[in-house]
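Chemist: Once you've had a glance at the structure underneath, I'll fire off some questions.
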Amino acid sequence: MYLDHFGLRQAPFRITPHTEFFFAGADRGAMLDALIYAITHDEGIVKVSGEVGSGKTMLCRMLLERLPDHVETVYLANPMLSQDEILFAIAADLHVSLPEGSRHSLLRSLQERLLEIYAAGRQVVVLIDEAHAMPLEALEEIRLLSNLESSCHKLLQIVLFGQPELDQRLRDTAMRQLKERITHHFRLLPLQRNDIAVYLMFRLRAAGYRGPDLFSGGAIRLISKVSEGLTRRINILADKALLAAFSEGAHQIAGRQVRAAIRDAQFSRIDRRLRGGWQWVAVTIVCAIAGLAYLAGDYPAAISPVAEGGSAAAGEVLSPDPSASAVPGTAGSPTTRGALGSESRGPLWERIAATQEWLKKTPDNHYFIQLLVTDGRSQREVVDFIARNAKTLDPRQVRVYRTQVGGGDRLGVIYGDYASRDEANAALATLGDLIPAGRPYVRAVAKLRSLRDPA
């Protein structure tokens with residue numbers, strides 16, 4: 001109804017999880033990357049908890065899109081399945097011929113199919129939404145399924161998404177065996193006020209809006225207070241406020257329109273007794289895999305920029321020239337030929353070398369915008385990305401780094417140099433459309449420079 005009035009291609013604040021509207025700020029992008037790594041490099045159960053409307057289902061949908069091609073996914077959206085129904089649902093998604101007879105026969109057929117998939121170099125992950133509502137018997141079935149294994153590897157990776165009640169249920173004595181199998185714990189926190197301002201503009205830009213800030217400071221303060229930082233509530237209030245402004249013929253959202261939206265929404269306060277540990281660390285990852293240390297607030301901390309023509313063990317920084325030394329204060333090593341090839345001296349190499357120099361002199365407390373992370377062998381993707389976005393991005397602010405994480409080469413494209421997170425977030429909010437569409441997010445220079453690589 002109000003799309004033409006505000007110059008929008010589509011509704012920006014739908015509450016159904018459309019992945020093109022995934023907001024990578026406020027740790028969401030970092031959490032998605034950490035989840036992908038945990039799923040593909042470990043064998044324990046992964047748990048993601050968060051309040052109603054905090055974005056768990058969106059994160060789940062993003063996983064379905066972003067997991068590597070060798071990962072086969074099974075998505076269980078109905079938490080009320082019985083033990084047998086869970087088995088049948090997984091078996092059906094994996095194209096298992098359902099045998100007639102006992103439950104034992106079905107379980108054996110499922111294990112045989114999982115062994116076939118594993119032998120083909122593939123992996124199976126089961127994503128379970130609304131896990132807090134599962135009957136105890138169904139949760140016990142999940143624990144038993146996590147026991148399926150080959151001679152040396154688990155055959156099934158499981159990710160549980162649930163409200164804070166899931167944490168409470170896992171404290172039950174009867175659930176202690178399941179709880180012990182959870183090796184990664186993620187907590188989705190509410191958005192803070194500064195994040196909400198960036199979030200609103202991000203959604204509007206993704207929907208086609210190209211004007212100045214649409215929500216006033218007073219409107220954002222009201223939305224922040226009443227929504228309690230939950231994205232679903234933010235979407236509902238913002239949508240209703242846009243409708244109110246349209247009905248008045250206004251082109252900016254002020255406190256008056258938001259108050260009308262609040263009256264119409266009639267939200268209740270979240271019960272803090274259920275929220276319990278809401279304010280503790282956003283992401284706690286117990287990881288015995290060499291290569292990553294995740295900290296709440298950024299992409300994996302074990303990112304170390306490596307120059308083109310360099311190769312390193314995880315946690316080492318290499319110089320762009322064999323005769324140059326590593327970044328001062330780091331565990332540098334001699335440069336050797338890497339995925340990009342030491343013979344290359346093209347524009348990409350020059351940009352990586354310039355990024356090394358920039359990193360040497362840039363303070364840890366500065367920030368930048370992460371635009372792209374890709375496989376270290378995808379030099380052409382990086383070059384094409386920069387070329388396609390030349391009109392949107394200032395080429396002087398585009399930088400490229402290379403890193404090795406967990407034994408794998410990665411290339412990253414970053415943008416800008418900002419003295420504070422607020423400045424970086426403000427720049428992110430005004431960033432134009434990128435081709436292909438990405439999900440940029442803000443990171444600290446300290447995290448890029450970090451060389452920690454725990455065993």
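Chemist: Could you give every pair whose Cβ atoms fall below 6 Å, whose first residue belongs to the stretch 12-26 and is touching a residue at least 40 places away in the same chain (Cβ under 8 Å), and whose second residue is surrounded by 13 or more Cβ atoms within 10 Å (Cβ to Cβ) and assigned to a loop (DSSP other than H, G, I, E, B), counting only separations of at least 6 or pairs across chains?
Modeler: PRO12/ALA207; PHE22/ARG439; ALA24/ARG439; ALA26/LEU191
Chemist: Which condition does ALA353 not pass, out of (1) in contact with a strand residue (DSSP E or B) (Cβ under 8 Å, 6 or more places away or on another chain); (2) at pLDDT 75 or above; (3) surrounded by 14 or more Cβ atoms within 10 Å (Cβ to Cβ), if it passes all the others?
Modeler: (1)
Chemist: Tell me, yes or no, whether the stretch 116-123 has at least one residue that is out of contact with any Gly (no Cβ under 9 Å at 6 or more places or on another chain), assigned to a strand (DSSP E or B) and touching a residue at least 40 places away in the same chain (Cβ under 8 Å). Give the derivation first.
Modeler: Initially, the stretch 116-123 is screened for residues out of contact with any Gly (no Cβ under 9 Å at 6 or more places or on another chain), giving 116-123.
Filter once more, so that each one left must be assigned to a strand (DSSP E or B): 123.
The next check asks that each one be touching a residue at least 40 places away in the same chain (Cβ under 8 Å); those that pass are 123.
So far as the stretch 116-123 goes, yes, one or more of its residues are out of contact with any Gly (no Cβ under 9 Å at 6 or more places or on another chain), assigned to a strand (DSSP E or B) and touching a residue at least 40 places away in the same chain (Cβ under 8 Å).
Residues checked against (1) modelled with pLDDT of 90 or more; (2) touching a strand residue (DSSP E or B) at 6+ places or on another chain (Cβ under 8 Å):
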{"position": "TRP358", "(1), (2)": "yes, yes"}
{"position": "GLN370", "(1), (2)": "no, yes"}
{"position": "ARG380", "(1), (2)": "no, no"}
{"position": "VAL383", "(1), (2)": "no, no"}
{"position": "GLN397", "(1), (2)": "yes, yes"}
{"position": "TYR401", "(1), (2)": "yes, yes"}
{"position": "TYR415", "(1), (2)": "yes, yes"}
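Chemist: A further question follows. Considering only the stretch 133-145, state which residues are in contact with a Gly (Cβ under 9 Å, 6 or more places away or on another chain) and surrounded by fewer than 21 Cβ atoms within 10 Å (Cβ to Cβ).
Modeler: Here is the first cut: in the stretch 133-145, the ones in contact with a Gly (Cβ under 9 Å, 6 or more places away or on another chain) are 133-134.
Once the filter is applied, which keeps residues that are in contact with a Gly (Cβ under 9 Å, 6 or more places away or on another chain) and surrounded by fewer than 21 Cβ atoms within 10 Å (Cβ to Cβ), the stretch 133-145 yields only ALA133.
Chemist: Out of curiosity, is ILE90 in the same structural domain as LEU144 (by TED's automatic domain parsing) and in contact with a Lys or Arg (Cβ under 6 Å, 6 or more places away or on another chain)?
Modeler: Numbers: in the same structural domain as LEU144 (by TED's automatic domain parsing): yes; in contact with a Lys or Arg (Cβ under 6 Å, 6 or more places away or on another chain): no.
So ILE90 fails the test.
Chemist: Suppose we filter the stretch 67-95 for residues that are in a helix (DSSP H, G or I) and more than 25 Å from ALA119 (Cβ to Cβ); how many remain? Write out each step before concluding.
Modeler: The initial filter retains those residues of the stretch 67-95 that are in a helix (DSSP H, G or I), namely 83-93.
So of that shortlist, the ones also more than 25 Å from ALA119 (Cβ to Cβ) come out as 83-85.
Of the residues in that region, 3 qualify.
Chemist: Let me ask another. For residues that are loosely packed, with under 15 Cβ neighbours inside 10 Å and over 22 Å from the mean Cα position of the chain (by Cα), scanning just the stretch 363-382, find the one that is farthest from ARG66 (Cα to Cα).
Modeler: PRO363
Chemist: Exactly one of these conditions fails for ALA444: (1) out of contact with any strand residue (DSSP E or B) (no Cβ under 6 Å at 6 or more places or on another chain); (2) among the aliphatic types (A, V, I, L, M); (3) within 24 Å of ASN194 (Cβ to Cβ); (4) modelled with pLDDT of 85 or more. Give me its number.
Modeler: Among (1) out of contact with any strand residue (DSSP E or B) (no Cβ under 6 Å at 6 or more places or on another chain); (2) among the aliphatic types (A, V, I, L, M); (3) within 24 Å of ASN194 (Cβ to Cβ); (4) modelled with pLDDT of 85 or more, ALA444 violates only (1).
Chemist: Can you tell me which residue among SER247, SER227, SER268 is of a type in the set (Ser, Thr, Tyr), over 28 Å from the mean Cα position of the chain (by Cα) and either at pLDDT below 90 or surrounded by 14 or more Cβ atoms within 10 Å (Cβ to Cβ) (or both)?
Modeler: Values: SER247 fails: either at pLDDT below 90 or surrounded by 14 or more Cβ atoms within 10 Å (Cβ to Cβ) (or both); SER227 fails: over 28 Å from the mean Cα position of the chain (by Cα).
None of the others qualify; the one that does is SER268.
Chemist: For the stretch 232-260, give me each residue that is out of contact with any Phe, Trp or Tyr (no Cβ under 7 Å at 6 or more places or on another chain), of a type outside the set (D, E, K, R), in contact (Cβ under 8 Å) with a residue 60 or more places away in the chain and in a helix (DSSP H, G or I).
Modeler: ILE236, ALA245
Chemist: Pull up the stretch 98-139, narrow it to residues that are over 20 Å from LEU67 (Cα atoms) and small (Gly, Ala, Ser), then point me to the one that is farthest from the chain's Cα centre (by Cα).
Modeler: GLY101
Chemist: Under 9 Å between Cβ atoms, which residue pairs at least 6 apart in sequence (or on different chains) link something in the stretch 84-98 that is buried (at least 19 other Cβ atoms within 10 Å of the Cβ) with a partner that is of a type outside the set (A, V, I, L, M) and part of a helix (DSSP H, G or I)?
Modeler: Every condition considered, the pairs that remain are ILE86/GLU141; LEU87/ARG103; LEU87/GLU141; ALA91/SER109; ALA91/ARG113; VAL96/SER109; VAL96/GLU112; VAL96/ARG113.
Chemist: Name the single residue that is surrounded by the fewest Cβ atoms within 10 Å (Cβ to Cβ) among those in the stretch 35-62 being assigned to a loop (DSSP other than H, G, I, E, B) and small (Gly, Ala, Ser).
Modeler: Step one: list which residues in the stretch 35-62 are assigned to a loop (DSSP other than H, G, I, E, B), which gives 42-44, 51-55.
Going one step further and asking which of them are small (Gly, Ala, Ser), we end up with 44, 53-55.
Numbers: GLY44: 18, GLY53: 22, SER54: 25, GLY55: 23.
Residue satisfying both the conditions and the ranking: GLY44.
Chemist: A further question follows. Scan the stretch 130-147 for residues that are farther than 22 Å from GLU51 by Cβ, assigned to a helix (DSSP H, G or I) and small (Gly, Ala, Ser) and jot them down.
Modeler: Across the stretch 130-147, the qualifying residue is only ALA138.
The values are calculated or read from the model by the stated rules, or taken from the named source; none is laboratory data. None of the values given here were measured: they were computed from a predicted structure. Because the Cβ atoms are built from the backbone with ideal geometry, glycine has one as well, and the counts that use them run over all protein chains shown.
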